[in-house]
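Here's the structure we're looking at; comments come further down.
The values are calculated or read from the model by the stated rules, or taken from the named source; none is laboratory data. What you are looking at is a predicted structure, and each value in this text was computed from that prediction instead of being measured. No Cβ is skipped: glycine too gets one built from the backbone with ideal geometry, and neighbour counts run over all protein chains shown.
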Ligand code: SF4
Ligand code: SF4
């Protein structure tokens, strides 16, 4: 979700890469769970989050839709987010002791907090593939040639969100607790840029096409079950299928059949 706020207002004024030290470590959060409640619809889930939740918890997207996640429109695209309890306004995965019941499978936004991501403007884009030249990693084929020119992103520290005093310094990559960071950052970039392409496309389509495209994105990246194993390879395949189905690179196959869904 895009936020139109000044970075100076919400951060310490610095941008960080995955190898930088940042004063974000809450040292176990002690008895706090304040960022697990009152989040409204803001914890938006990406395909890796759904892979973690479905494969890691041995459940299906449709099952999660019963009471753990919900769908909302984000900048024109229908995407899932963590659902807050209607009475307590806390996340459905928060247990009675005030701890996350799915810590190992928690979504990317929860792993980041109190860090956020700042996507670089076009004229600040540092490299073809990702966060920075020095961070650039080869793709599976050994070539650094994603289909889109991704803009890259940096991390920033949200200074007004987490009340824990005396946070200590931690390496960004360690804090976000995600293996294979190079591939993870490539995925984050590609997903972000794909969604921007979809948003642009939706803005000039008819209502009927908007519905078809949203169903395609939902079906291909979220509802269709993932297999346990290499998430990134599965994502790349689905991304290529979506690009073809939406004719983003001139190899159009607009007859793409998404998985039937009753959502
Ligand atoms: S608000 Fe800060 S201290 Fe509290 S649970 Fe979230 S990250 Fe931990
Ligand atoms: S998934 Fe876990 S860490 Fe994330 S908001 Fe819910 S309870 Fe908190």
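Say whether the condition of being on the phi > 0 side of the Ramachandran plot and more than 12 Å from ligand 2 (Cβ to nearest atom) is met by at least one residue in the range 116-124. Checking the range 116-124: not a single residue is on the phi > 0 side of the Ramachandran plot and more than 12 Å from ligand 2 (Cβ to nearest atom).
Here residue 227 fulfils each of the conditions (1) under 20 Å from residue 81 (Cα atoms); (2) not in a helix (DSSP H, G or I) apart from (1). Please enumerate the residues belonging to the range 1-34 that are touching a helix residue (DSSP H, G or I) at 6+ places or on another chain (Cβ under 9 Å), within 16 Å of ligand 2 (Cβ to nearest atom) and at pLDDT below 95. Passing the criteria: only 29.
Among the residues of the range 138-178, those identified as assigned to a loop (DSSP other than H, G, I, E, B), closer than 19 Å to residue 48 by Cα and either in contact with a strand residue (DSSP E or B) (Cβ under 6 Å, 6 or more places away or on another chain) or at pLDDT below 95 (or both) are 139, 140, 146, 150, 152. Within the range 99-120, residues that are touching a residue at least 60 places away in the same chain (Cβ under 8 Å) and under 17 Å from residue 69 (Cβ atoms) sit with their Cβ atoms under 8 Å from residues that are near ligand 2 (Cβ under 7 Å from one of its atoms) and assigned to a loop (DSSP other than H, G, I, E, B), at 6+ positions apart or across chains, in these pairs: 100/33; 100/93; 100/106; 107/43; 109/43; 110/43.
Of the strands (runs of 3 or more DSSP E) lying entirely inside the range 1-110, the ones with 1 or more residues being more than 16 Å from ligand 1 (Cβ to nearest atom) and closer than 23 Å to residue 231 by Cα are found at 69-74, 77-82.
Against the conditions (1) loosely packed, with under 13 Cβ neighbours inside 10 Å; (2) under 18 Å from the mean Cα position of the chain (by Cα); (3) within 12 Å of ligand 2 (Cβ to nearest atom), residue 43 satisfies every one except (1).
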